[in-house]
1. Inspect all residues belonging to the range 233-250 and state whether any of them is part of a helix (DSSP H, G or I) and at pLDDT 90 or above.
2. Which one of the conditions (1) over 24 Å from residue 29 (Cβ atoms); (2) surrounded by fewer than 19 Cβ atoms within 10 Å (Cβ to Cβ); (3) at pLDDT 95 or above does residue 75 fail to meet, given that it meets all the rest?
3. Can you pull out every residue in the range 34-47 that is within 25 Å of residue 24 (Cα to Cα) and out of contact with any helix residue (DSSP H, G or I) (no Cβ under 6 Å at 6 or more places or on another chain)?
4. Being modelled with pLDDT under 95, assigned to a helix (DSSP H, G or I) and closer than 27 Å to residue 164 by Cβ: is that true of residue 262 here?
5. Which one of the conditions (1) farther than 30 Å from residue 112 by Cα; (2) out of contact with any strand residue (DSSP E or B) (no Cβ under 8 Å at 6 or more places or on another chain); (3) surrounded by 21 or more Cβ atoms within 10 Å (Cβ to Cβ) does residue 59 fail to meet, given that it meets all the rest?
6. For the range 105-118, indicate whether the set of residues that are on the phi > 0 side of the Ramachandran plot, surrounded by fewer than 21 Cβ atoms within 10 Å (Cβ to Cβ) and not in a helix (DSSP H, G or I) is non-empty.
7. State which residue pairs qualify: first residue more than 22 Å from residue 152 (Cα to Cα) and inside the range 267-278, second residue not in a loop (DSSP other than H, G, I, E, B) in any location, beta carbons under 6 Å apart, and separation of 6 or more residues or different chains.
C-alpha cells in the first residue's frame, strides 16, 4: 500500500469523471475513486487516516502516482489545512472553467437530481444551494484558491484550463502526466467522454440516487459506487434525456459581470490567460 501523493480538488463540472477514467487506465497511476469527501466532511474526517488510507491499499510499487479526485475540496479551507497536515508535499490539481458555464452545469446537475426546478437566473439570484454552497459562489475561485497557495509550494500546484480539455484532450492530459511524473500515453485520451445530459424520471428517484451515493461513500464502498455509476441499465431506469435547457445571452452577459474582478485576480495568481471568460 502507498499513501496518496496527488489530489484533484476541483471544481466540479470540469471533466473529473472522464479524467478519472483516463487515470484509472494508466498503468503507473492508482486512483481510489471520485468524490471521497474525506478532508472536507467532518463525519468522514473523524474516521481517521487509517480509514482514508484503506482506500489506497491496492496501490503498489509500479504506481508512481497515487491519488483521488474530490471536486468539492477546492471550496473548503478545512480541506486545505487537513491535506497539508496529512502531507505538505501533496500535489494539488485545479482545473478551472468559465464560471458562468460552470454554474449553469452545476444547476443542470441540481435539476438532474431533483433538487430544483426553477429557471437558472432565479436559482442564481435566490442563492439556491447544493452541497451547502450557493450556486453563484461555485464560480468564485480566488478566495478558495488562496487557501491552497498559502499552504503549498508553487511547484506542487497544477492549474489547468478546462477549455484546453475541450480543444485538445491529449495535450491537456500531458500536463497532468508531466506534473505527476508518469509516462505520457496519448492514446488513453481517446476514451469516450461521459454523456451527462440527463434528468431524473421522477424527482424522488434523483433524490434517492444522490442519497444512496453518499451512503455508499460513508460505508467504504467506493468500488461499488463506481460500478453503479457506470451502469447503463441503472442510468436508463433513473434518468431520461434532458429537455432542452440552455442559457440565454442576457443571462450570460448579466452574470459574467459578477466574476470579472475575481477572474482578473485568479489570472494574476495562476498565470493562466482567462480573458475570454470576462471580455
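1. Yes; the residues of the range 233-250 include at least one that is part of a helix (DSSP H, G or I) and at pLDDT 90 or above.
2. (2)
3. 35, 36, 41, 44, 45
4. no
5. Unmet condition: (2).
6. yes
7. Going by the 6 Å Cβ cut-off, the qualifying pairs are 274/263; 274/267; 277/263; 278/260; 278/263.
The values are calculated or read from the model by the stated rules, or taken from the named source; none is laboratory data. Fair warning: this is a prediction, and the values are worked out from it, not measured in the lab. Positions of Cβ are backbone-derived with ideal geometry, glycine not excepted, and every protein chain shown enters the neighbour counts.
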